[in-house]
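Okay, structure first, notes after.
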């Protein structure tokens with residue numbers, strides 16, 4: 001259609017140059033310049049929630065209970081209590097729960113956990129027990145298996161027991177093994193190691209005297225090992241123990257740890273000792289630092 005025919009038809013006439021400029025402008029609008037990154041949309045920053053109902057990783061964080069707050073007022077954080085005072089206080093603040101709380105002890109030691117020659121690990125039988133019997137299994141056979149059963153072992157055997165644990169059975173607290181059985185028990189290291197149940201000569205769970213070891217652990221022999229912060233954690237009884245029984249257990253454990261001081265440890269060895277109930281504040285004990 002010519003220009004004259006277009007004018008006669010009543011349609012607007014657009015010059016060719018104008019058409020080309022409009023097309024070029026549209027292309028520039030649609031095309032994104034090379035190398036330019038589209039800026040993200042700005043969103044308002046989320047306000048951090050505070051208070052007893054704040055959520056952390058999807059779980060609601062509850063505030064401290066009224067009972068716990070009252071117990072905190074009873075314990076002087078800046079005071080070191082004698083063992084007798086600490087025992088009476090832990091019994092006072094551990095009351096009011098629906099169960100009998102366990103008494104725990106924590107010792108901060110002057111060791112360097114990064115050095116293998118300063119690691120503290122072992123097991124000890126407390127004179128008054130811990131108020132709890134443990135489920136013990138024994139990797140042994142023959143006469144040793146019969147003796148272990150008589151001493152209170154929950155399960156005994158070697159190949160059958162190894163297979164049972166490999167299949168996922170873990171309903172026991174302590175595993176004891178005869179040295180002859182370790183060639184077959186060793187394959188359970190990846191299963192029992194992370195849970196602290198792998199038999200080891202260092203804590204007395206690899207021994208030829210299976211009967212004695214089973215009897216001690218069933219009665220409440222405890223294992224301990226320092227953590228990365230140079231602390232030792234252990235159970236020393238229940239809050240319903242007589243005061244003298246708790247004191248005997250606490251002092252026996254402290255004396256045992258004191259005897260294990262590594263020769264490479266320099267300076268103060270026992271820096272601090274605390275006792276506490278399962279759900280009660282920690283109480284700082286006055287113990288001779290060595």
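Taking all C-alpha pairs of the stretch 136-218, those more than 17 Å from each other amount to 34 percent.
Across the stretch 62-138, Cα-Cα pairs farther apart than 22 Å form 50% of the total. Between residue 133 and residue 264, the simple spin-label model (points 7 angstrom out along Cα→Cβ) gives 4.2 nm. Fewest-first ordering of 217, 274, 241, 99 by other beta carbons within 10 Å of each residue's beta carbon gives 99, 274, 241, 217.
Extending 7 Å from Cα along the Cβ direction at residue 252 and again at residue 164 yields two label points whose distance is 3.0 nm.
As a rough footprinting exposure proxy, the listed residues 253, 172 were ranked by other beta carbons within 10 Å of their own, and the order from fewest upward is 172, 253. Entry note: the stretch 83-225 has Rg to Rh equal to 1.03, where both radii use alpha-carbon atoms and Rh is the Kirkwood radius. Neighbour counts of C-beta atoms inside 10 Å place 268, 205 in the sequence 268, 205, starting with the fewest. For the stretch 153-265, the C-alpha radius of gyration divided by 2.2 N^0.38 Å, with N the number of residues, is 1.23.
FYI, it's all coordinate maths here, none of it is from the lab. In this text, all values refer to a predicted model and were calculated from it rather than measured experimentally. Note that each Cβ is placed from the backbone with ideal geometry, even for glycine, and that neighbours are counted across all protein chains shown.
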